[in-house]
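Colleague: Sharing a structure with you now.
The values are calculated or read from the model by the stated rules, or taken from the named source; none is laboratory data. Keep in mind that this is a model prediction, so the values were computed, not measured. With ideal geometry, Cβ positions are generated from the backbone for all residues, glycine too; neighbour counts draw on all protein chains shown.
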Amino acid sequence: MASQHIRVATPSRDAILESLVENVRAFNARLPPGRDKIVFGAEQPAEFETVNGHFSAQMHAFFNALHDLEDMADKPSSDDLDLCRPDECLRPVICVSNQSEPYLDCLHRTFYTRCLTVQNPDSLPCLKRVTHTQLRILPDRDPTFHLINIRPVSLRIPLDLATYLPQLRELACPWL
């Protein structure tokens with residue numbers, strides 16, 4: 001699998017899973033083993049409660065879709081013989097994108113103070129194939145990165161997510 005950006009307007013487990021399967025099929029034949037990074041870009045609406053709920057729903061949908069992908073790989077069929085090789089792991093990267101357009105004339109609306117969290121993390125599934133992960137607060141494609149308009153991520157999120165990754169060997173949080 002190659003690094004792919006998955007974007008969903010509505011947090012949908014089925015849409016994320018469909019995109020994951022499509023990406024895996026497209027890149028399995030062309031790439032050698034070990035190229036299995038999956039990048040998920042969490043999109044953000046405007047108000048905090050809406051933002052936090054939306055972010056949480058996307059994290060739950062992403063984890064559930066990854067869990068479904070693991071299940072599909074564990075039950076090979078004639079159609080998906082090489083969906084995920086048994087010796088490979090998944091390496092998800094979660095990127096938090098800008099929340100909205102910057103208000104450069106009104107800085108108190110540009111630099112956020114309330115941190116994003118994952119609501120109900122105890123309902124996340126365990127992912128047994130994830131051995132490396134990153135949590136980034138950098139926008140996906142913005143070379144002129146500034147902390148303008150990016151909602152801060154709670155320091156608790158890496159711990160909440162790592163709890164459901166029993167094979168995790170490396171957790172990279174460059175923003176810490």
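Colleague: Which of the residues that make up region 115-130 are at pLDDT 90 or above and buried (at least 18 other Cβ atoms within 10 Å of the Cβ)?
Modeller: Hits for region 115-130 are Val118, Pro121, Leu124, Leu127.
Colleague: Out of region 86-114, which residues are at pLDDT 65 or above, in a loop (DSSP other than H, G, I, E, B) and either among the hydroxyl-bearing types (Ser, Thr, Tyr) or touching a strand residue (DSSP E or B) at 6+ places or on another chain (Cβ under 6 Å) (or both)?
Modeller: Result: Ser97, Tyr112, Thr113.
Colleague: Shifting gears a bit: Quick check on my filter: what residues within region 131-171 are touching a Phe, Trp or Tyr at 6+ places or on another chain (Cβ under 9 Å) and either β-branched (Val, Ile, Thr) or modelled with pLDDT of 90 or more (or both)?
Modeller: Correct list: Ile137, Ile148, Ile150, Val153, Leu161, Tyr164.
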